[in-house]
Each structure stands twice: as structure tokens, then as C-alpha cells.
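Take a look at the structure set out below.
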Amino acid sequence: MGAPGVGKGTQARAISLKYGIPTISTGDMLRSAMESQTPIGCEAKKFVERGDLVPDHVIIGVVEERLTCQDAVGGFLLDGFPRTLAQAEALDMLLRDKGLALDAAVAIEVPDQVIVDRLGGRLTCGSCGMVYGADSGLNEGDSCGNCGEPLAIRSDDTPDAIRHRLAVYRKSTEPLVDYYRGKGILKIIDGDRSRDAVAASIEAALSG
Ligand code: AMP
């Protein structure tokens, strides 16, 4: 969990590699559905571009289907889901039906001003999801260092959408921090440090 721009996607990639489990990123899944203009992609587009949350029933259906895939049998990491209390409760039910439970909920915290600075000018690879900060020296259209596809500015990384996404996070998603604290699985991580320092803290929290 974490507001937009705290580094969820970047850290998720590292954890996935370390534990050999897939990252299930609802944001990436929606962007790919939007690109392919699937029915879910077309339904989600207006919400995503405004920085609003896609309705719970849509996103819960997407996650439910994804969790049935073979690669999720040995464990998985959720990035950007759940984002509302209804989603968290639906996830609990989904997992209960499968005889599973979450091992940990990691909340990455970064001050708002740092987030706004980070998101302005970041470039994202629409193909593999790799994110490049404003200090990368790369421009829109340059090739992704990971997969070679062209980099772009996300359509919801505009100043208005960023402000709105932050407000949506505080209102709808931040209450989940208490939800997972109550379940005794919450790990709070200071995300206002280098990528490697944050990764080391997450690793320590997950193995502790
Ligand atoms: P992200 O890549 O996680 O920042 O997600 C990008 C956008 O996709 C969000 O601003 C929402 O519009 C939408 N989205 C992603 N995950 C969810 C979710 N769990 N619930 C509702 N909307 C979501």
C-alpha cells in the first residue's frame, strides 16, 4: 500500500524477483486492458484518467480471475489492491475460500511534497511497467532499459490527476492501514530514502 509515487511498483518488482512470485498490479492490468480496448479497459478508462478509483465490483472481478492463474499458486504480491475497505473485505473472503491468508501488508510512506516532485516528469514503460524518475535523463519515446519498448508519461500523471489521486488515497485507501494493523500484519516502511534502502527495510520486515 502507499500513495501514488511512493515506489510500490519498483519495490514490488524487487520482491517478486527475490521470492519468485508474481506481482499482481491492478494498475498495470487496467492499463493493459485500456491499451487493448477490452470491455473492462473501456469501462475503466474514464476513472483511471481522472485519477478516480475504478468501481469495486470491476476490480474485485479482475483480481478474482487473476488469482486463479497457475503462477499464483505458490504465492503472490498484490500491488495497488486492495484500495478500499470493500476491496479488502472481498479479498479476505476470496482468500478464505482458498484456505489462504495474507502474510503481510506493507505500507510505504512518503511526504506529499516528495510525491508531487517524484511524479512530475516520471516516465513509465507501458509494456513492462518499469518506472524512471525525472532524474533518469530519459525523454518520452526513449527505449525502456528493461524491455526496449518506448517510454511515455502516464495519462494520469498530470498535475490535476496527481493531486486528485493523492486525495483519493487519503480518503479511501489510507483507512486500510488501520484495517491491517488490526489484523497484526502491518509493516510500515519509510519510503523517503534510496530505492535500495527501502528494499532492504521491506526485506527485513518480511523476513522478521
Ligand atoms: P496505479 O498504477 O496502482 O497507480 O493505478 C492507476 C489507476 O488505476 C488508479 O488511479 C485507479 O484509477 C486504477 N486502479 C488501480 N488499482 C485499483 C483498485 N484496486 N481499485 C480501484 N481502482 C484502481
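Within the listed set Gln87, Gln11, Gln113, the residue fluctuating most in the Gaussian network model of the chain (springs between alpha-carbon atoms under 10 angstrom) is Gln113. Only residues of segment 88-129 count here: report those whose backbone N is under 16 Å from the spot 7 Å along Cα→Cβ of His57, or say none. Of the residues in segment 88-129, 90 have backbone N under 16 Å from the label point off His57. For the options Gly141, Gly27, Gly80, a Gaussian network treatment of the chain with springs between C-alpha atoms closer than 10 Å singles out Gly141 as fluctuating the most. Applying Stokes-Einstein at 4 °C and 1.567 mPa s to the Kirkwood radius of segment 30-152, computed over alpha-carbon pairs, gives a translational diffusion coefficient of 77 µm² s⁻¹.
Between amide H atoms placed 1.01 Å from N, distances below 5 Å from Lys187 occur with Ala105, Val106, Ala107, all of them 5 or more places distant or on a separate chain. As an equivalent ellipsoid, segment 127-208 spans semi-axes of 29, 20, 11 angstrom, where each value is the square root of five times an eigenvalue of the C-alpha gyration tensor, largest first. Based on C-alpha pairs under 8 angstrom that are at least 6 apart in sequence, segment 64-208 has a relative contact order of 28 percent. Output the relative contact order of segment 123-208, whole-number percent, from Cα pairs under 8 angstrom with separation of 6+ residues. 18 percent.
Spacing of the modelled spin labels on Asp117 and Leu17, each 7 Å from Cα toward Cβ, amounts to 2.6 nm. Residues considered: Met93, Met29, Met130. Largest GNM mean-square fluctuation over the chain, using C-alpha springs under 10 Å, is found at Met93. Plainly put, segment 1-78 has a radius of gyration that is 0.98 times its Kirkwood radius, both from alpha-carbon atoms, as the Rg/Rh ratio.
Across segment 1-115, the mean sequence separation of Cα contacts (distance under 8 Å, 6 or more residues apart), normalised by length, yields a relative contact order of 41 percent. Per residue, the convex hull spanned by the Cα atoms of the chain amounts to 122 cubic angstrom. Hey, which of these cross-link pairs are over 30 Å Cα-Cα: Lys18/Lys171; Lys46/Lys98; Lys8/Lys98; Lys8/Lys46; Lys46/Lys187; Lys46/Lys183? Among Lys18/Lys171; Lys46/Lys98; Lys8/Lys98; Lys8/Lys46; Lys46/Lys187; Lys46/Lys183, the Cα-Cα distance tops 30 Å for Lys18/Lys171; Lys46/Lys98; Lys46/Lys187; Lys46/Lys183. For a paramagnetic label modelled on Arg170 (point 7 Å from Cα along Cα→Cβ), amide N atoms under 17 Å away belong, within segment 1-27, to 2-6. The gain in end-to-end length when the Ser207 to Gln70 segment is fully stretched comes to 46.8 nm, 0.36 nm per residue minus the alpha carbon separation.
Read the figures in this text as sums done on the coordinates, not as results from a lab. Since this is a predicted model, take the numbers as computed values, not measurements. Using ideal geometry, Cβ is built from the backbone for each residue, glycine included, and neighbour counts are taken over all protein chains shown.
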